[in-house]
Structures are given as structure tokens and as C-alpha cells.
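Working notes, beginning with the structure itself.
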Amino acid sequence: MKLRILGCSGGIGGDLRTTSMLLDADVLIDAGTGVGDLSLQELANIDHIFLTHSHLDHVTSIPFLLDTVGWQRSKPVTLHAIRETLDILSDHLFNWKLWPDFRQIPDAKSPLLRYSPVRVGESVPIGGGRIITPVPANHVVPAVGFHLDSGAASLIFTGDTTSQDELWKYINKINNLKYIIIESALSDSERELAIISKHLCPELLAVELAKLQLDPAIYVTHFKPREAELIMEQIMARVPQRQLRMLEQKQVFEF
């Protein structure tokens, strides 16, 4: 597997893009503003989108992707998400008011988009020996993370989350874990906001990483642009025993 980071910021402006990752050539993990940097052919190659949750910074490019290249494709794009997320998208995005329902375009028998509900712990094979499994998350809307497994090695993307003991129980059982991508959206000075919004800050991240029994490479993402450097400084001070790195746009992971 090859995972390319299209966006990993908690905001936009200049070169900043929100959360989106391209797995090989045909799978998106979340669909934030970074998707817009792909070429038309790259967009047309996407067969699957796996969503962690329904917030705009993770879904905003889906309507434009379908509207732009859906007509070039011979089969629908499959949108994989938990049922609660799919219901939110139906009610508030693909509702003919904010955007057309591409599950009915050009018609219900041959749509540009189809939903495929997933459940935590139930693996989804996507061809070529690649397996994606939703993992527990804890956010202000129903959410999951994803375990990407090539067979040779694995990567965990937590998505947006706060404390979640079940996630670490799952992670600690992975025998081929190579990478973890985890969020820390806010600085310690905004700890109370992190708690209310169910994000992590460096103090809370340190508590979560203390539950990790393995030794993968760890990358931290989703920093608010106004304080990205401060958040990273606080993380390094809070977790000196591990080598944590800031996730970067255009970074590529192979596993």
C-alpha cells in the first residue's frame, strides 16, 4: 500500500488543505479540501471513499468529485462509512437542497454514487490483498478511525477523536503495525475546548499514548493553523519518550 497525504491541516489558507489521503490510486481516506489538488484523471480513478465522520473538513470534496468526473466513470463511486454518517450525509448534504443526491443520478439503477455501510471491527477487502477495518473513535458526531492492512504491514488513522480505550485495545493486538496517524487539534491552553469538542490536545494525547504497548512511528495531524508549532512543542514536552513527528502534506507512507 502507498498512502499519500493530500491534506492534514485543521484549516485552509495558502498551501493548507484539510484532511484527505489517497491510498494507492483508487481509494480516498476522508475527502477534505486536499482532494481538489488531484488531476482530473486521478479523480476519475477513485473507486472508494472511506469516511471517518461527517464533518465538512472531511467530506467537502465528495460533491465536487462526483459532479466533475462521475460522468467519466463506468461504475459508481462507493462511499464506505458507518450508518450514522451515511444518514447525516443523506439528510444534510445529498438532499437536493445543499447538493443533488448522486445515488439517483443519472438514475437509481446506474447511479454515480452508492453507499456501503461499515461497522467497527468488520473488515472491508478492497482488492489486491488490501483490507480496511473501521476502528473505534470518540467524537462529537458518530465517528470511526481506520486500520489499513496490506498484509505485510499496517497503518492506523484515528480520525478525529478524544479518549477511547477500545481503540488502544484494538491497536495493541496488531502484530504488523508500522504507523499511527493521530490527531491533536488544539493546544493545552484550549484543553477545555478540546474536551467539549472531543478532540485531543497535547496533555490528552500523552494520556492516550501511554496506553500504547507497541512501538510504531507516530505522526500527529489536524493542528489548527494558528498554533501548529506551539502544539508540536507541547507534544514533544509531554511525550519525550517517543519520537513523534508532525504529519506533512504530500508525505507518502509505504507499507
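The values are calculated or read from the model by the stated rules, or taken from the named source; none is laboratory data. What you see is a predicted model; the values in this text were computed from it and never measured. Note that we place each Cβ from the backbone using ideal geometry, even for glycine, and neighbour counts take in every protein chain shown.
Return yes when residue 39 is among the small types (Gly, Ala, Ser) and either under 28 Å from residue 185 (Cβ atoms) or modelled with pLDDT under 95 (or both) and no when it is not. Lay out the reasoning, then the answer.
On the way: among the small types (Gly, Ala, Ser): yes; either under 28 Å from residue 185 (Cβ atoms) or modelled with pLDDT under 95 (or both): no.
When the stated conditions are applied, residue 39 does not pass them.
Which residue pairs have Cβ atoms under 8 Å apart, sit 6 or more places apart or on different chains, and have a first residue in the range 241-255 that is on the phi > 0 side of the Ramachandran plot and a second that is surrounded by fewer than 13 Cβ atoms within 10 Å (Cβ to Cβ) and basic (Lys, Arg)?
That search, which allows pairs on different chains as well, returns nothing.
From the set of residues in the range 1-29 that are of a type in the set (Val, Ile, Thr) and within 15 Å of the chain's Cα centre (by Cα), which is surrounded by the most Cβ atoms within 10 Å (Cβ to Cβ)? Break it down stepwise before answering.
Taking the range 1-29 and keeping what is of a type in the set (Val, Ile, Thr), we get 5, 12, 18-19, 27, 29.
With the extra rule that they be within 15 Å of the chain's Cα centre (by Cα), the set shrinks to 5, 18-19, 27, 29.
Numbers: 5: 22, 18: 25, 19: 31, 27: 23, 29: 27.
Looking at the filtered set, the residue picked out is 19.
Does residue 144 qualify as being closer than 20 Å to residue 200 by Cβ, touching a strand residue (DSSP E or B) at 6+ places or on another chain (Cβ under 6 Å) and hydrophobic (A, V, I, L, M, F, W, C)?
Numbers: closer than 20 Å to residue 200 by Cβ: yes; touching a strand residue (DSSP E or B) at 6+ places or on another chain (Cβ under 6 Å): yes; hydrophobic (A, V, I, L, M, F, W, C): yes.
Judged against the criteria, residue 144 is a match.
Go through 217, 153 for me and flag whichever is in contact (Cβ under 8 Å) with a residue 12 or more places away in the chain and buried (at least 17 other Cβ atoms within 10 Å of the Cβ).
Values: 217 fails: buried (at least 17 other Cβ atoms within 10 Å of the Cβ).
Residue meeting the stated conditions: 153.
Is it the case that the range 185-202 has a residue that's touching a Lys or Arg at 6+ places or on another chain (Cβ under 7 Å) and over 20 Å from residue 32 (Cβ atoms)? If you could, list the steps in order and put the result at the bottom.
Of the residues in the range 185-202, the ones touching a Lys or Arg at 6+ places or on another chain (Cβ under 7 Å) are 185-186, 201-202.
Imposing the further condition that a residue be over 20 Å from residue 32 (Cβ atoms) reduces the set to 201-202.
Within the range 185-202, one or more residues are touching a Lys or Arg at 6+ places or on another chain (Cβ under 7 Å) and over 20 Å from residue 32 (Cβ atoms).
Residue by residue through the range 87-122, note down the ones that are loosely packed, with under 13 Cβ neighbours inside 10 Å and in contact with a helix residue (DSSP H, G or I) (Cβ under 7 Å, 6 or more places away or on another chain).
98
Give just the number: which of (1) within 14 Å of residue 242 (Cα to Cα); (2) without any contact (Cβ under 8 Å) to a residue 40 or more places away in the chain does residue 208 not satisfy?
Single failed check for residue 208: (2).
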